[in-house]
Amino acid sequence: FFKASVFSAVAFWGYLTWKVYVETNPRNQKPQSELKDNGNKKKSIVILGSGWGAISFLSKLDTTKYNVTIVSPRNYFLFTPLLPSVPSGTIDARSICDAVRTIARATPGEVKYMEAEAIDIDPKAKSIQLEHNSQRFSIGDAFINNHEPIRTTIDYDYLVYAVGATVNTFGIPGIPENASFLKESNDATAVRQKLFNAIEAARLLPEGSSERARLMNFVVCGGSPTGVELAAEVKDFMDQDLKKFIPNIDKEMKVTLIEAMPNVLASFHPRLIQYTKNIFNEQGVDLRNNTMVKRVDDRNVYCSHRKPDGSQEEVTIPYGTLVWAGGNTQRPITKKLASKILEQKTARRGLLVDDYLKLDGDDYIFALGDCTFTTNPPTAQVAHQEGHFLAEYFNKLSQVDDYQYLAKKEPERAEKYSQKLERVKKSMLPFKYNHQGSLAYIGSDRAVADLSWGSWSTVALGGSLTFLFWRTAYVSMLLGIKSKILVVTDWLKVSIFGRDCSKDS
Ligand code: FAD
């Protein structure tokens, strides 16, 4: 046993050291060039976005076969499944961000990165207009710099479109002005700031006053895994850490979760839904199912609640901090692109693509992730699998292109090349999503997991062991060894010192 332990420890540290070395000392990359080694023209790929779809694509693409440029206003990849742990301080926002340049530098061929937003795409000219806005900024109320945005145009042979989606407020009045979102890392930091501001402001007011109670209500709208995890994390923060420094905060502070449907975590197994309800009940999270948000002002959420007998009642929920976790809608750039392609005229909820993720109506644009509308759900799991699929597809497409070129260049060997070409073409199978399950943290060191192996077996688990599984699964999914180490360190720090109670951390 002793020998086995020593061997495992040495193997683990050896593996870790090797991974750190590889990540911090990237190998030399093949520079971009006009021609491939065999003399064939190298095609260009422009990737729009730096999220799940784009980065999964980039990580599997043979970047020596194409001239690749990645364009995104966000110069890092964000591991969204752990974002709900940021406002409570369980995870530091930087721990779940991986720089695009680091990811791009780890590929075998040179990849260029441009920090810009695509503002227009011309599918006929195969060009994209980009805008970079960082030189136009203000500090506080004083306007400091009013430089015009920098604009440029970039051409592509193939466009990989992975710009994700934006928050859907369903046109509910007052949400954009009063609610926070939880989509980007700065959203999570803003939620933390608002939470602390509300608590500190409330503590100056007399105990028992309605205004104090309002400020002490942290309200989340949306019972998706994101909403549930955020409510659970904030409740943990109150109960496990903040109460040590602010006595009775766990009794005064309320966490309310509003959901329009009869259940939160609607896609999970009914047993896990019930388990989550029980845990929330135990923790004192105020779960408001069947409650539809109608309007929001700077103090209250106005809802309509469907009672068990089917009748409706109006409910007003005062809040100090409000987070809207209600769903996705298309970005303006996606709507603009769809309007230029006849076959996309009916694409209301996302771009329409075929089984190879090629845009309906355009042979050179491929789209993946949340910006598309398919039978698959808008999740990281789907975008990740699509990214890997598309990279494999493009690796094979390059081979197809090469065999066609070589058959022309060396007619005496055309027969051999055409046989190889057929073999590659046959191996280019359509995309098939393989659902591996869903996970959600529900508070008090417990999680739920709805797992599937193939189409025949599903397992519904809930509890503390599932929580360990949840953590292990997420660490294994984090992109780089740096983020894995940082996230594990964050968890370790919290278990030793508790969560940080300063506003800006
Ligand atoms: P994104 O990852 O959103 O990436 C879009 C990228 O495009 C970004 O880099 C953005 O900056 C860039 N971009 C935007 N506009 C432009 C433009 N005009 N030009 C160029 N680039 C642009 N899914 C799961 O499967 N499991 C989970 O546990 C889970 N938890 C989540 C928790 C939270 C808080 C959130 C917000 C989402 C969660 N999701 C989860 C969903 C998952 O994150 C998304 O489905 C996934 O990110 C979609 O990937 P994507 O590549 O389509 O878009």
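Quick look at the numbers
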quantity	calculated
Percentage relative contact order, segment 211-306, counting C-alpha pairs under 8 Å, at least six apart	28
The chain - percent relative contact order, Cα under 8 Å, separation 6 or more	17
Binned Cα-Cα distance frequencies in the chain - 20 Å width, integer %	20, 51, 26, 4, 0
Cα shape, segment 222-374, gyration tensor, a/c 1.5 rule	prolate
Estimated FRET transfer efficiency (ILE496, LEU204; beta-carbon r; R0 35 Å; 0.05)	0.65
Whole-Å semi-axes of the ellipsoid equivalent to segment 90-140 (Cα gyration tensor, √5λ, descending)	26, 22, 10
Bins of 10 Å, starting at 0 and running to the largest distance - Cα pair percent for segment 53-98	23, 40, 25, 11, 1
DSSP bridge pairs, segment 254-311: antiparallel proportion in percent, nearest 5	60
Between segment 396-423 and segment 182-208, the alpha-carbon center distance in angstrom	63
Contour minus Cα-Cα distance for GLU211 and ALA266 (0.36 nm per residue)	16.4 nm
Above-threshold pairs, the threshold being 25 Å between Cα atoms, out of LYS183/LYS294; LYS124/LYS409; LYS60/LYS484; LYS345/LYS396	LYS124/LYS409; LYS345/LYS396
Share antiparallel - DSSP beta bridges, the chain, percent rounded to 5	60
Distance in nm between pseudo-label sites at LEU35 and LEU16 (7 Å out along the Cβ direction from Cα)	5.0
Gain upon complete extension [ALA4, ASN146; 0.36 nm per residue less C-alpha separation]	44.7 nm
Burial ranking of peptide ranges 62-74, 488-500, 472-484 (average Cβ count within 10 Å, highest at the top)	62-74, 472-484, 488-500
Cα gyration tensor shape of segment 1-123, rounded if a/c is under 1.5, else prolate or oblate by comparing a/b with b/c	oblate
Difference of contour (0.36 nm per residue) and Cα-Cα distance, GLU415 to GLN312	29.7 nm
Ordering of 375-385, 202-212 by burial proxy (mean other Cβ atoms within 10 Å per residue, highest first)	375-385, 202-212
Relative exposure of SER127, SER85, judged by other C-beta atoms within 10 Å (fewest first)	SER127, SER85
Antiparallel %, DSSP beta bridges [both residues in segment 50-208], to 5	80
Base-10 log of normalised Debye intensity for segment 400-442 (one unit scatterer per alpha-carbon) at q = 0.19 Å⁻¹	-0.63
Two-site FRET efficiency, ASP355 against LYS294, from Cβ-Cβ distance with R₀ of 30 Å, rounded to 0.05	0.15
Size of charge dipole - segment 1-102 - debye, nearest 20, with Cβ of Lys, Arg +1 and Asp, Glu -1, no other charges	340
Given charges at Cβ of Lys, Arg, Asp, Glu: the chain dipole, positive-most of VAL255, THR90, VAL382	VAL382
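Values quoted throughout were computed directly from the atomic coordinates according to the rules given, and no laboratory measurement underlies them. Bear in mind that the values here come from a model prediction, so they are computed numbers and not experimental data. Positions of Cβ are generated from backbone atoms using ideal geometry, with glycine treated the same way; all protein chains shown enter the neighbour counts.
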